[in-house]
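Peer 1: Below you will find the structure I want to go over with you.
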């Protein structure tokens, strides 16, 4: 099968090339870039060594390649126009937010601008793999979730679906600097980030707040989310602490059984009922670790992922595997590096 990666020189694009280069079902890969056309791929990512030969190509050259699947690792608001001509000709997996919303008004409220192609709003499957597996299997248009929503929703959704959680939700999320993307900004400089931690866009200001809220609303349970992201001085990793009201009395065994019912057969979810996750356990893996602490009428949820893998490139490949009927774990790891 032939794959293409748009935005192949960014962090998520580079990781996609690395994953796909060792995927047994991918026979050739086109690396598409606007900034490195004609350059050897190994120059753009020396870490690939000789795993992937060839040069970066332009989007126009991709028309002669006829890919079966296209991964778009381009920025929000700029992604869909690049692959629009390929819709209906290839399976599209978009890692940006361009297709994540079902309503035009929700997208424009979150991103503060008109959508570039509103006719495609609501046409894509939200690619939270463990929750929309059946839909992903039958879709040619898949919107990969953001890293914050992935890490926040996976522990929350089972409790809402089973009637154990409701009401006000406080989500405090910590992300490695790579979550900001591969762009030169003062705030991302080593001197600014090292030995430093800060919150930004708190409460309902961050665009991922609405992405999380819309998915919880689908459960039919009323809720209101306060979401506060933080940048911490690590390259990769994400840790989320969520506090939510319990709607009925619960024991640890009840929560454990709910998670096992929903995720017991999911290869990339690890339930830690006696240990709080740590980001170092997840680095390099496509796993999400979940644990909790019951505090009277409330429950504290803990979740961790590698933001570049389960939060982006890894989940995108997981969705490809599901869509094409490959082994779900092909090309991906359930274990992390030391």
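Peer 1: For Cα pairs less than 8 Å apart in space and 6+ apart in sequence, what is the mean separation divided by the residue count of the stretch 148-307, i.e. the relative contact order in percent?
Peer 2: Here the relative contact order equals 31 percent.
Peer 1: If you don't mind, another one. What does DSSP give for the chain in terms of the percent of beta bridges that are antiparallel, rounded to the nearest 5?
Peer 2: Bridges in the chain that DSSP calls antiparallel: roughly 45 percent.
Peer 1: Then there is this: If you bin the C-alpha pair distances of the stretch 2-123 every 10 Å from 0, what whole percents do you get?
Peer 2: In order of increasing distance, the bins hold 13, 44, 29, 12, 1 percent.
Peer 1: Now for a different question. Taking the Cβ-Cβ separation of residue 137 and residue 195 as r and a Förster radius of 56 Å, what is the calculated FRET efficiency to the nearest 0.05?
Peer 2: It comes to 0.75.
Peer 1: Let me ask something else. If one computes the Cα centroid of the stretch 53-93 and of the stretch 301-320, what distance in Å separates the two points?
Peer 2: Using only Cα atoms to place each centre, the spacing works out to 21 Å.
Peer 1: For helix 314-324, report the angle its Cα long axis makes with the longest principal axis of the Cα atoms of the chain; keep it between 0 and 90° and round to the nearest 10°.
Peer 2: Approximately 80 degrees, to the nearest 10.
Peer 1: Defining a contact as two alpha carbons under 8 Å apart and six or more residues distant in sequence, what relative contact order in percent does the chain show?
Peer 2: Relative contact order here is 17 percent.
Peer 1: Please report the antiparallel percentage of the DSSP beta bridges confined to the stretch 148-307, to the nearest 5.
Peer 2: 70
Peer 1: I would also like to ask the following. Give me the extension gain from residue 22 to residue 249: residue separation times 0.36 nm, minus the current Cα-Cα distance, reported in nm with one decimal.
Peer 2: 77.0 nm
Peer 1: Would you kindly state how much longer the chain becomes between residue 275 and residue 108 on full extension, computed as 0.36 nm times their sequence separation minus their alpha carbon distance, in nm to one decimal?
Peer 2: 56.1 nm
Peer 1: Tell me, what does the Kirkwood hydrodynamic radius of the stretch 204-275 come to in angstroms if you use every pair of distinct C-alpha atoms?
Peer 2: Answer for the stretch 204-275: a Kirkwood hydrodynamic radius of 15.1 Å.
Peer 1: Quick check of the Kirkwood formula: for the stretch 87-179, what is the inverse mean of 1/r over all pairs of different Cα atoms, in Å?
Peer 2: Its Kirkwood hydrodynamic radius stands at 14.9 Å.
Peer 1: Note down the Stokes-Einstein diffusion coefficient of the stretch 148-307 in µm²/s, whole number, using a Kirkwood radius over alpha carbon pairs, 10 °C, and 1.306 mPa s. Please list the in-between numbers first.
Peer 2: Numbers: Rh = 16.2 Å.
D = 98 µm²/s.
Peer 1: Using 0.36 nm per residue of separation minus the Cα-Cα distance, give me the extension gain between residue 64 and residue 116 in nm, one decimal. Walk me through the intermediate numbers first.
Peer 2: Details: separation 52, 0.36 × 52 = 18.72 nm, distance 2.51 nm.
Residue separation times 0.36 nm, minus the Cα-Cα distance, leaves 16.2 nm.
Peer 1: By how many degrees, 0 to 90 and rounded to 10, does the Cα axis of helix 252-263 deviate from the longest principal axis of the chain?
Peer 2: It is inclined by approximately 20 degrees.
Peer 1: Please report 338, 301, 48, 20 as a ranked list, fewest other C-beta atoms within 10 angstrom at the top and most at the bottom.
Peer 2: Details: 338 6, 301 22, 48 17, 20 26.
Starting with the residue having the fewest Cβ neighbours, the order is 338, 48, 301, 20.
Peer 1: Taking the Cα centre of each part, how many Å lie between the stretch 265-292 and the stretch 1-27?
Peer 2: 25
Peer 1: Quick check: the angle from helix 147-161's long axis to the longest principal axis of the chain, C-alpha only, nearest 10 degrees?
Peer 2: Here the helix axis deviates by roughly 40 degrees.
Peer 1: Of 261, 306, 98, 25, how do they rank once you tally other Cβ atoms within 10 Å and put the fewest first? Before the final figure, lay out the partial values.
Peer 2: Working: 261 12, 306 30, 98 27, 25 15.
Going from least to most buried by this count: 261, 25, 98, 306.
Peer 1: How do 329, 91 rank when sorted from fewest to most other Cβ atoms within 10 Å of their own Cβ?
Peer 2: The fewest-first ordering by Cβ neighbours comes to 329, 91.
Peer 1: Which three semi-axes in whole Å describe the equivalent ellipsoid of the chain, each the square root of 5 times a Cα gyration tensor eigenvalue, listed largest first?
Peer 2: Semi-axes (√(5λ), whole Å): 32, 21, 20.
Peer 1: Take the alpha-carbon centre of the stretch 200-221, take the same for the stretch 231-255, and report the distance between them in whole Å.
Peer 2: 16
Each value in this text was obtained by applying a stated rule to the coordinates, not by laboratory testing. Owing to the predicted nature of the structure, the values given are computational and were not obtained by experimental measurement. Methodologically, a virtual Cβ is constructed for each residue, glycine included, from the backbone with ideal geometry; neighbour enumeration extends over all protein chains shown.
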